[in-house]
1. Let me confirm something: among 168, 155, which residue is in contact with a helix residue (DSSP H, G or I) (Cβ under 7 Å, 6 or more places away or on another chain), open to solvent by 20 Å² or more (accessible area, probe 1.4 Å) and either closer than 16 Å to residue 204 by Cβ or not aliphatic (A, V, I, L, M) (or both)?
2. Of all residues being under 20 Å from residue 292 (Cβ atoms) and among the acidic types (Asp, Glu) in the range 230-277, which is modelled with the highest pLDDT? Just the residue, please.
3. Select, from 21, 33, 41, the only residue that is crowded, with 18+ Cβ neighbours inside 10 Å, modelled with pLDDT under 80 and not small (Gly, Ala, Ser).
Amino acid sequence: MAGSEVKELVIIGAGPHGLSLFLRLLEEEPDLLDEGIRSTLSMDDKATVTALGSWPYAKSRVQAMQRGPGPRADLAEQNLKKKMSTANGDSRNQKNKRQNQSGAKASGSLNRHLGTSHVPIRMVKEKEVMVIDAHGQWLAEWKRNFQAFGIKHLRSPADVHPGPHDMRELLAYAHVTKRNLNDHDLVHMKFMERDSIFKGPYAMPSTSLFEDYCDLLLRAYDIKDEVYEGYVENIIRESESLYTIILRSGEQIQSKRVVCALGPNLRKDRLFWEDGLDPGVSYPTDTLVHSYELSSWLERFSQQGTESVKGSRVLLVGGGITSAHIVRVLLNVGCKPTMLVRSELRSR
């Protein structure tokens with residue numbers, strides 16, 4: 001049972017976004033930079049060293065995480081602190097100074113809602129912060145989706161990840177584990193446009209590299225068992241600072257704050273174009289599929305066997321990355337997909 005006390009925060013969804021938030025509440029020195037600031041930082045230039053620390057420091061921190069579980073405060077052993085001091089002066093002061101100057105808006109937003117950086121750590125340790133997910137484990141739905149779509153590389157570059165401390169940490173993990181040396185785990189996107197703001201370098205990590213790095217985070221911060229299994233059916237706002245979360249099991253959980261980190265699963269029951277459908281016609285669930293149902297549909301579709309679906313005509317409304325992945329899956333099993341798009345397709 002989740003307990004009857006009122007939680008400070010409930011995060012619904014244990015995917016990458018829910019994990020990112022939970023880790024930033026645990027991290028004493030979280031990276032709260034916005035995208036505008038992130039885009040100006042490259043691997044190891046002067047601005048990046050001032051903001052985040054040196055590249056050797058990033059790799060040293062990954063090595064410390066590999067040695068055993070514990071929050072950020074426990075990971076910073078004496079030898080690591082010496083490397084930090086040698087690499088870029090007093091790292092903590094530099095980071096606080098950077099956040100006061102460059103990331104004040106983001107940092108202030110978190111502190112206004114949850115207090116200073118040490119308060120969230122206390123709340124998490126005392127179980128005042130709760131994560132609820134239908135699967136009861138981190139990244140389960142994310143992994144299921146990527147497997148169903150056959151996605152072998154992430155759609156975003158390597159500096160976009162749940163690590164709370166340093167946007168370069170996934171790259172540092174690849175270097176420490178020598179996985180930067182193969183062409184599969186890190187694909188350098190040389191074709192991406194660059195300008196004075198978005199400098200790069202951009203590297204696209206493999207799905208397996210991303211998953212292994214996330215597993216390292218779960219072990220290092222000792223949060224693998226922090227997800228409560230439950231399917232949220234309703235959220236009732238009782239007052240300005242109190243919500244009641246109702247689970248399918250009938251259990252009710254109260255919290256002062258709620259974050260819905262559900263991605264495409266946070267959906268409407270009915271989409272605008274469905275109003276034009278004939279109400280007298282019953283459409284089979286396997287012939288009219290919404291975007292949030294695609295993973296389940298693809299799993300059922302593939303289980304039917306290649307021969308039973310070969311030659312089937314499938315219409316995809318939309319020409320984004322998801323449609324492209326589905327087209328590839330459908331072609332592999334002998335279907336005849338057609339994409340319906342509003343504008344010309346672009347290759348990026």
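1. Every option except 155 fails the conditions.
2. The residue in question is 233.
3. 41
The values are calculated or read from the model by the stated rules, or taken from the named source; none is laboratory data. Here the structure is a predicted model, which is why all the values come from computation and not from measurement. Cβ sites come from the backbone with ideal geometry, for glycine too, and all protein chains shown count toward neighbours. Surface areas here come from the heavy atoms of the whole protein model, side chains and all, with no ligands, DNA or RNA. Shrake-Rupley method; radii C 1.70, N 1.55, O 1.52, S 1.80 Å.
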